[in-house]
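Taken together, the values in this text are just the output of simple stated rules run on the coordinates, not laboratory data. From a predicted model like this one, the values you see are computed outputs, not experimental measurements. Counting neighbours? That spans all protein chains shown, and the Cβs are built from the backbone with ideal geometry, glycine included.
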Amino acid sequence: MSSDEKERFYPNRWPRIILMSTEEIVGEKGVAALLNLAGLPQYIGNYPDDNMRKEFSFEHVGKLQQAFWDMYGPRGARVFATRAGRKTFNDGLESFGKVAMAARAAMKIGALEKRISVGLAFFAKFFNTVSDQKVNVDENENEWLWNIVECPMCTGRTSDTPVCHLAVGVLKGALENFADRDKHFRITPLRCIAMGHEQGVISIEKQPIS
Ligand SMILES: [Zn+2]
């Protein structure tokens, strides 16, 4: 195994929230079926612990996301992923009191666009610190670009459409929480490592939809 292929991890709490938010919709049996399909039966009735230790491998994140795709189709997988991502962000933040407060304070100052730029840079740093997912942010006149350099959602997967909807949900949660709850932004995955691109790219249009 080269250093390039070394194992990477999400903190336990995130897959835990994904599984719990899925259970709210499909029940315990539904989650058990999903975990069996993913080849991850060890997590049935035994969700990852509620802590931020980096122990849930990207390989498992990829397998779990693939199982959503296989069981519910791309459209269903997108719905689950967006919901789980949003919830991961919202629930996950509660455990980061100080960090969340700093972000909120930073995002209170200035015009909306400026605040979002600050917030996204902040969240990128947050992701890079608490997980092995590596992201950075670019922007142009019309959009912010959330670049996913190391992507758990893509790990071990190939697809002809983007598969990183979990990230879309996380960004939706982030913008709702910190920018303006009444404004909604179009968030679209443009590139995806599973499609053979070098990195994943998610576009957030600067002009709110509503
Ligand atoms: Zn991807």
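Which value, in debye to the nearest 20, gives the size of the charge dipole of the chain about its Cα centre, when Lys and Arg are +1 and Asp and Glu are -1 at the Cβ? Working shown, then result.
Working: 27 positive and 26 negative charges, 97 e Å.
Value, rounded to 20: 460 debye.
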Relative contact order for the chain, counting Cα pairs under 8 Å that sit 6 or more residues apart, in percent: 21
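Please return the longest range in the chain lying between exposed loop sites, taking trypsin sites (Lys or Arg not before Pro), DSSP loop only, at most 11 other beta-carbon atoms within 10 Å, and leaving the sites out.
109-180
How far, in nm, would the chain grow between Ser159 and Arg53 when pulled straight, counting 0.36 nm per residue and subtracting the alpha carbon separation? The partial results should precede the final answer.
Values: separation 106, 0.36 × 106 = 38.16 nm, distance 2.99 nm.
Taking Ser159 through Arg53 to full extension adds about 35.2 nm, to one decimal.
Which entries of Lys114/Lys172; Lys6/Lys63; Lys54/Lys114; Lys54/Lys183; Lys63/Lys114; Lys29/Lys125 have Cα-Cα distances beyond 27 Å here?
On the way: Lys114/Lys172 17 Å; Lys6/Lys63 17 Å; Lys54/Lys114 32 Å; Lys54/Lys183 33 Å; Lys63/Lys114 37 Å; Lys29/Lys125 37 Å.
Over 27 Å Cα-Cα: Lys54/Lys114; Lys54/Lys183; Lys63/Lys114; Lys29/Lys125.
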Largest to smallest principal axis extent of the C-alpha atoms in the range 6-205, angstrom: 49, 36, 34
Residue-wise HN-Hα coupling along the range 123-129, computed from phi with Karplus coefficients 6.51, -1.76, 1.60 (Hz; x: Gly, Pro): 5, 4, 5, 4, 4, 5, 7
Separation in nanometres of the label points that stand 7 Å from Cα toward Cβ, at Lys134 and Asp182: 4.2
The range 126-190 - Rg over Rh from alpha carbon coordinates, Kirkwood radius: 0.97
